[in-house]
1. Residue 171 - would you say it is within 23 Å of the chain's Cα centre (by Cα) and surrounded by 14 or more Cβ atoms within 10 Å (Cβ to Cβ)?
2. What number of residues within region 178-205 satisfy the criterion of being within 18 Å of the chain's Cα centre (by Cα) and in contact (Cβ under 8 Å) with a residue 24 or more places away in the chain?
3. Among residues belonging to region 34-59 that are out of contact with any strand residue (DSSP E or B) (no Cβ under 9 Å at 6 or more places or on another chain) and over 23 Å from residue 74 (Cβ atoms), point out the one that is surrounded by the fewest Cβ atoms within 10 Å (Cβ to Cβ).
4. What about residue 158, is it more than 20 Å from residue 271 (Cβ to Cβ), surrounded by 17 or more Cβ atoms within 10 Å (Cβ to Cβ) and touching a residue at least 40 places away in the same chain (Cβ under 8 Å)?
5. Can you tell me which residue among 218, 200 is out of contact with any helix residue (DSSP H, G or I) (no Cβ under 9 Å at 6 or more places or on another chain) and at pLDDT 95 or above?
6. If you take just the helices (runs of 4 or more DSSP H) that sit entirely in region 280-349, which of them hold at least 1 residues that are at pLDDT below 95?
7. So, of the residues in region 263-279 that are assigned to a loop (DSSP other than H, G, I, E, B) and at pLDDT 90 or above, which turns out to be nearest to the chain's Cα centre (by Cα)?
8. Go through region 172-262 and tell me which strands (runs of 3 or more DSSP E), entirely inside it, have 3 or more residues that are closer than 20 Å to residue 147 by Cα.
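The values are calculated or read from the model by the stated rules, or taken from the named source; none is laboratory data. Keep in mind that what you see is a predicted model, and the values were worked out from it rather than measured. When we count neighbours, we look across all protein chains shown, and the Cβ atoms used for this are built from the backbone with ideal geometry, even at glycine.
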């Protein structure tokens, strides 16, 4: 049995992937979210309320907002259960390496879209390209058409979205980790037959900051032109501040307002990872909303990646923190993951100089 913690859009996609082949249980504090799931056992509450269920499970997949993830994952590991996590939590997952090893379990952090699948593709190129010196990651989850007023629609955690704009972003430049303002450098980016976008630096390298030895590496997130200008204005005016004003946090209000951008809309996901060494090689994914299932592309890319990683991880004999890039660096695991995603219509294309 696999237990999924979190019944939002991502949790639903994870369940959609697993329910045909596994006995799946889902834990969530929202009764409304649980009602939207079919064919699984549902448990209302927090992980601590269902400790017996967790202990009976083969593996736990957590799909929670980043602010709630570290504590939840830590408690699950201490129950002696392995975890695959998709959150964009602020804490360093390697802080849980020792406790995971002590409990003879593993934690695969950031096992979603980006970070997650972006790490896997980066790991593949890191191992494959001779003399690799640089990795560039371009990633975006967008509505297929601009949605006013921000030319965007929310398809994942609002907390995670705001974190992308406010969390200092780490890149590698000349073999050193450098921290930059994510919105300080906005650049245009065009993909043939898809569109023209603007990009900003995002803090998506995560575990690769420690696992790769490389001269230069960065992640840039794609948005429609003019979006970043609007976001920067909101940030500079203090709408993302957690400091209370007259007893009210602007951050809390902004989260509520951004939730209004969570509308039913056809979306698309783009991921381009480019490695530079003795040759330049690209891995590219373009995915769209699934009309048949009603599952967004963002949920597919995040949830299906997490579920695929989880099913492969059941075969592992590893303890401690296992970064997602290892699934790209291991040729056998990469081929398995690639095939699992292909069966769900997510195609990893290999091209040169795309």
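1. Numbers: within 23 Å of the chain's Cα centre (by Cα): yes; surrounded by 14 or more Cβ atoms within 10 Å (Cβ to Cβ): yes.
Criteria met by residue 171.
2. Looking only at region 178-205, we keep the residues that are within 18 Å of the chain's Cα centre (by Cα), and these are 182, 199-205.
With in contact (Cβ under 8 Å) with a residue 24 or more places away in the chain added as a condition, the list becomes 199-205.
Counting residues in region 178-205 that are within 18 Å of the chain's Cα centre (by Cα) and in contact (Cβ under 8 Å) with a residue 24 or more places away in the chain gives 7.
3. Of all residues in region 34-59, those out of contact with any strand residue (DSSP E or B) (no Cβ under 9 Å at 6 or more places or on another chain) come to 36, 38, 48, 51-52, 55.
Cutting the leftovers down to over 23 Å from residue 74 (Cβ atoms) gives us 36, 38.
Details: 36: 15, 38: 10.
If we take residues in region 34-59 being out of contact with any strand residue (DSSP E or B) (no Cβ under 9 Å at 6 or more places or on another chain) and over 23 Å from residue 74 (Cβ atoms), then 38 is surrounded by the fewest Cβ atoms within 10 Å (Cβ to Cβ).
4. Working: more than 20 Å from residue 271 (Cβ to Cβ): yes; surrounded by 17 or more Cβ atoms within 10 Å (Cβ to Cβ): yes; touching a residue at least 40 places away in the same chain (Cβ under 8 Å): yes.
Yes: the conditions hold for residue 158.
5. Numbers: 200 fails: out of contact with any helix residue (DSSP H, G or I) (no Cβ under 9 Å at 6 or more places or on another chain).
One residue alone meets the criteria, 218.
6. Values: elements: 305-313, 326-329, 331-343.
Qualifying helices (runs of 4 or more DSSP H): 331-343.
7. Among those residues, the one meeting the criterion is 266.
8. It comes to 186-191, 195-201, 216-223.
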